[in-house]
1. Consider SER214 carefully, then state whether it is out of contact with any strand residue (DSSP E or B) (no Cβ under 6 Å at 6 or more places or on another chain), within 16 Å of the ligand (Cβ to nearest atom), among the polar types (S, T, N, Q) and closer than 30 Å to GLN361 by Cβ.
2. What are the residues in segment 24-75 that are open to solvent by 40 Å² or more (accessible area, probe 1.4 Å), under 16 Å from PRO90 (Cβ atoms) and within 30 Å of the chain's Cα centre (by Cα), if any?
3. Starting from segment 273-290, keep only residues that are over 20 Å from ALA354 (Cβ atoms) and in the same structural domain as ILE203 (by TED's automatic domain parsing), then list their pairs with residues that are near the ligand (Cβ under 8 Å from one of its atoms) and open to solvent by less than 80 Å² (accessible area, probe 1.4 Å) whose Cβ atoms are within a distance under 6 Å, requiring at least 6 positions of separation or different chains.
4. Kindly indicate the residue of segment 224-264 that is assigned to a strand (DSSP E or B), free of Cβ contacts under 8 Å to residues at least 24 places away in the same chain and within 30 Å of ASP204 (Cα to Cα) and also most open to solvent (accessible area, probe 1.4 Å) among those meeting that condition.
5. Listed residues LEU161, LEU173, LEU141, LEU181; which is more than 30 Å from PHE330 (Cβ to Cβ), touching an Asp or Glu at 6+ places or on another chain (Cβ under 9 Å) and not basic (Lys, Arg)?
6. Could you check segment 265-281 and list, in sequence order, the residues that are assigned to a loop (DSSP other than H, G, I, E, B) and within 12 Å of the ligand (Cβ to nearest atom)?
7. Considering only segment 175-212, how many residues are of a type outside the set (S, T, N, Q) and not in a loop (DSSP other than H, G, I, E, B)?
8. Among the residues of segment 368-383 satisfying the criterion of being surrounded by 19 or more Cβ atoms within 10 Å (Cβ to Cβ) and touching a residue at least 24 places away in the same chain (Cβ under 8 Å), which is nearest to the chain's Cα centre (by Cα)?
Amino acid sequence: MDIFSGKRIVLGVTGSIAAYKSAALASLLAKSGAQVDTILTEAASKLISPMTFSSVTGRKAYLDEDLWKQDDHVLHIHLGENNQAFLIAPASANTIAKLAQGLADNLLTLTALASRTQIAIAPAMDGGMYSHPAIQANLALLRERGVHIWGPAAGHLASGLSGKGRMLEPELLAGHLRQLLGREGMLKGKKVVVTAGGTQEPIDPVRVISNRSSGKQGYAIAQAALDAGADVVLISGPVSLLSPVGANIVQVTTAAEMADAVLAETEAADLLIMAAAVADYRPLQPADQKIKKDREGLQTLKLERTEDILLHVAARKEESGVGPAFVVGFAAETENLLENARAKLEKKGLDLIAANDVSGQDTGIGADLNQVLLIWRDGQTKDLGSLPKFEIARALIKEAASLFT
Ligand code: CTP
């Protein structure tokens, strides 16, 4: 189940042109299983219709006039009490000022005062307005009161100018909401280090040895750990994926850089999940200049072994006690899955190993699905079957979290 599943979210929409992007946000949240109650201010309703929101959420989108209807005479109280998150996106300069002053002259600001959950706002306005001392003072006051302020971002603005004032994109706002909803989760207060993607080992300045890893599984694990409330460090090889909101990203290229990053980040970590496809060999002597094709005959490339990062982590823990409390590894196998994975778990001192069969076309490296068998140190196993990588990540994080209990 997604973290948004069954969660009630109040989405306030105010009079900034970014209001049209809020419909995409409402749609994204609804598709993830959230019950989204939208409240539009009068200015917002001039920019976008309530019907757009009710169409994508399948729920009513409220206007000020609903406050004066007889069927729910305390609508603002009901909306304010029954939600797990309250986000105003976009939050205009005017609404920010009203929130700072505690004004309650429309359904949205009334509901904000009645809300039992902390409010989050995504400011959106022209850059010159955003930097105005009055706005900055209002934002400082709201921040002091515990309001979450997400964005704005810098970039092109509706005025045609560039500057800081753009509402964060819907995917980023959804990422912030995930983090907010997950903060009391099973891994609250735990530092979780996740590695993802493949490494690249240089042959010359333009060529590398790499593998087909897309990073999807590792990124999904980082997101699932964030959803469970963990402090996440994501050590990533070169991949083209959006970083999960809230993760501290460490970008690396080679196996040696990944080893340095893992050793540094796991000194005081609670859990390491090594999902990266680390190169086992690298060119012995990468050429300083681009290798030309004027050489005749067969060419050979001499390779040397890279360091096994998990073995190093285990050895350091054995010698000095420094290292993560628990370690989860992966085993990418094309044959003898159970036997090979058990041997890796033993050799690398793991608590849990996710064995995946990478021989199929539709699962494993680069694919959207993964086929995973979990194996514990005591010999216990659990077959997760073939699932989307995010489902695998959620199941893995659930099992990893129960290592702590
Ligand atoms: N791993 C590592 N350091 C390496 C290579 C792999 O820490 N230099 C980690 C991987 O991230 C994974 C686990 O070890 O969690 C197993 O990786 P895998 O590629 O399945 O096996 P290898 O140990 O590389 O052995 P082989 O390639 O012979 O199967």
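The values are calculated or read from the model by the stated rules, or taken from the named source; none is laboratory data. Computed from a prediction, not measured in an experiment: that's the story for all the values here. Cβ placement follows ideal geometry from the backbone for every residue including glycine, while neighbour counts extend to all protein chains displayed. The area values use the complete protein model at the heavy-atom level, side chains included, leaving out ligands, DNA and RNA. Shrake-Rupley method; radii C 1.70, N 1.55, O 1.52, S 1.80 Å.
1. yes
2. Listed by number, the residues that qualify are ALA24, LEU28, THR52.
3. ARG282/THR306
4. My answer is GLN251.
5. Just a single option satisfies the conditions, and that option is LEU161.
6. As a first pass, look at segment 265-281 and keep what is assigned to a loop (DSSP other than H, G, I, E, B): 266-270, 275-276, 278-280.
THR266, ALA275, ALA276, VAL278, ALA279, ASP280 - these are the residues of segment 265-281 that are assigned to a loop (DSSP other than H, G, I, E, B) and within 12 Å of the ligand (Cβ to nearest atom).
7. Count: 17.
8. Among residues in segment 368-383 that are surrounded by 19 or more Cβ atoms within 10 Å (Cβ to Cβ) and touching a residue at least 24 places away in the same chain (Cβ under 8 Å), the one nearest to the chain's Cα centre (by Cα) is ASN370.
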